[in-house]
1. Go through (1) surrounded by 14 or more Cβ atoms within 10 Å (Cβ to Cβ); (2) at pLDDT 80 or above one by one and return the number of the condition M1 breaks.
2. When you scan region 60-68, do you find a residue that is modelled with pLDDT under 90, hydroxyl-bearing (S, T, Y) and under 25 Å from L18 (Cβ atoms), even just one?
3. Restricting region 12-28 to residues that are part of a strand (DSSP E or B) and among the aliphatic types (A, V, I, L, M), which is nearest to the chain's Cα centre (by Cα)?
4. Tally up the residues in region 14-43 that are in contact with a Pro (Cβ under 6 Å, 6 or more places away or on another chain), at pLDDT below 90 and surrounded by 13 or more Cβ atoms within 10 Å (Cβ to Cβ), please.
5. With the condition kept exactly as written, say whether any residue in region 111-121 is at pLDDT below 85 and in a loop (DSSP other than H, G, I, E, B).
Amino acid sequence: MIQQILSVTTARRQIEFLFEDGDGNLGLRTPEAGETDTTNLFFTLFRKTRGIMVQIPEGDPLKPSNYRIPYMERTGQNKILRGTVSITFLYLFYSTEDTDTVRYDFYIKDRADNSSNIVSTSEIALSVNDLY
């Protein structure tokens with residue numbers, strides 16, 4: 001379902017990727033009053049520790065949220081959905097004692113609860129020339 005990563009922008013910590021959904025059932029409706037909010041775009045964060053990417057533990061302040069791709073539907077016979085998703089990460093609790101390089105794995109789920117392929121970003125430097 002995830003076609004390719006278009007860009008990983010270090011300066012803004014932004015990930016942009018293409019998707020294609022052949023069944024046309026990607027995206028979630030906004031929950032009605034009393035309904036539980038759900039997500040369909042899932043991220044796992046890895047930090048470089050001693051030269052090796054290690055998944056961060058639960059409760060880590062840099063742990064990314066999961067996101068919602070909004071409801072989409074095509075009319076007509078062709079139901080294939082194609083588009084671009086862009087996510088910007090803000091590191092409000094980052095400290096210079098932490099690692100300066102991270103990577104994300106991510107995937108999406110459609111309304112039938114089918115998971116896409118898992119895609120990994122390239123390594124993302126949180127500091128460039130010791131500037132954070």
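1. (2)
2. yes
3. Quick first cut of region 12-28, residues part of a strand (DSSP E or B) only: 14-21, 28.
Next, only the ones that are among the aliphatic types (A, V, I, L, M) stay: 15, 18, 28.
On the way: I15: 7, L18: 12, L28: 16 Å.
Out of the qualifying residues, it is I15.
4. In the first step, residues of region 14-43 are kept if they are in contact with a Pro (Cβ under 6 Å, 6 or more places away or on another chain); the result is 27, 37, 43.
Keeping just the survivors that are at pLDDT below 90 gives 37.
Adding the requirement that they be surrounded by 13 or more Cβ atoms within 10 Å (Cβ to Cβ) leaves none.
Count: 0.
5. Within region 111-121, the first condition is being at pLDDT below 85, and the residues that meet it are none.
No - not one qualifying residue is present in region 111-121.
The values are calculated or read from the model by the stated rules, or taken from the named source; none is laboratory data. The model shown is predicted, which means the values in this text are computed figures rather than measured ones. Ideal geometry is used to build each Cβ from the backbone, glycine not excepted, and the neighbour counts take in all protein chains shown.
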